[in-house]
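First up is the structure itself, then whatever we jot down about it.
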Amino acid sequence: MKNFFKEYSYYSLKMFLNQFGIALLGLVLALAFGMAENYTWQVVSSVFAVLFYLFLIYYMTWEVGARDGIRIEHGRMQSRPLTGLYMSLLANTPNFILAILATAIKPFGSIAILLQGMYAGIMTIDIGTEIVDGELVGLPLNDAWWSYFLIILPALLVSTISYIFGTKNIGLARVLAPDNPEQEEIKRMKKQNKRK
């Protein structure tokens, strides 16, 4: 465990800082469209911010996986396919704490949305209705306690999958994942050795 923190805490911190930066972008977009009362574009801008955030996570953890893949291939490291998940769990620890607190104490939900601002527009989607003071009102997603846990899952899934893809040098598209010259050289050398 100590080695994990020593080796991967930088990447977890980087993942958290990426989240914070994209959260600011998502909040600005959601607030701008919300003030303009254009709720469709508020949700669309939020989806864009989430996809951009997931792209940053994918790219970063893919590179970490590609680096580790070289070490695994040369026998300098054992395969640990859940490393991407562990990095993301470490980076999302504040989100988990706020989700637990938001379940018990409503105002912590607002703090959680500040930290996960890229989801701000999505969290305004009505998931039901209720009668309040004789009027039928919509229940936004951010009123559901489980939504604060749900918004953490995409980051966990993307970081897990992209790390595994990185260790195997599999890119979803060459636009998303650049060629890894070291991996290509290793493959070329293996083919030459098999021919001999």
field: Candidate set from the range 87-116 (those that are more than 17 Å from the chain's Cα centre (by Cα) and buried (at least 19 other Cβ atoms within 10 Å of the Cβ)); member that is farthest from Leu56 (Cα to Cα)
entry: Ala102
- prompt: Do any residues in the range 1-27 that are surrounded by fewer than 16 Cβ atoms within 10 Å (Cβ to Cβ) have Cβ atoms under 8 Å from those of residues that are assigned to a helix (DSSP H, G or I) and not hydrophobic (A, V, I, L, M, F, W, C), where the two are at least six apart or on different chains, and which pairs are they?
  reply: Phe4/Thr83; Phe4/Tyr86; Leu24/Gly117
query: Hey, Ser79 hits all of (1) in contact (Cβ under 8 Å) with a residue 60 or more places away in the chain; (2) part of a helix (DSSP H, G or I); (3) out of contact with any Asp or Glu (no Cβ under 7 Å at 6 or more places or on another chain) but one; which does it fall short on?
result: (2)
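Please work out which residue is surrounded by the most Cβ atoms within 10 Å (Cβ to Cβ), limiting yourself to the range 117-158 and to residues that are more than 27 Å from Gln19 (Cβ to Cβ) and of a type in the set (Val, Ile, Thr).
Val137
Hey, among the residues in the range 16-69 that are in a helix (DSSP H, G or I) and polar (S, T, N, Q), which one's nearest to Leu153 (Cα to Cα)?
Gln19
Bear in mind these aren't lab numbers, they're just calculated from the coordinates by the rules spelled out. In this text, all values refer to a predicted model and were calculated from it rather than measured experimentally. As a convention, Cβ positions derive from the backbone with ideal geometry for all residues, glycine included, and neighbour counts pool all protein chains shown.
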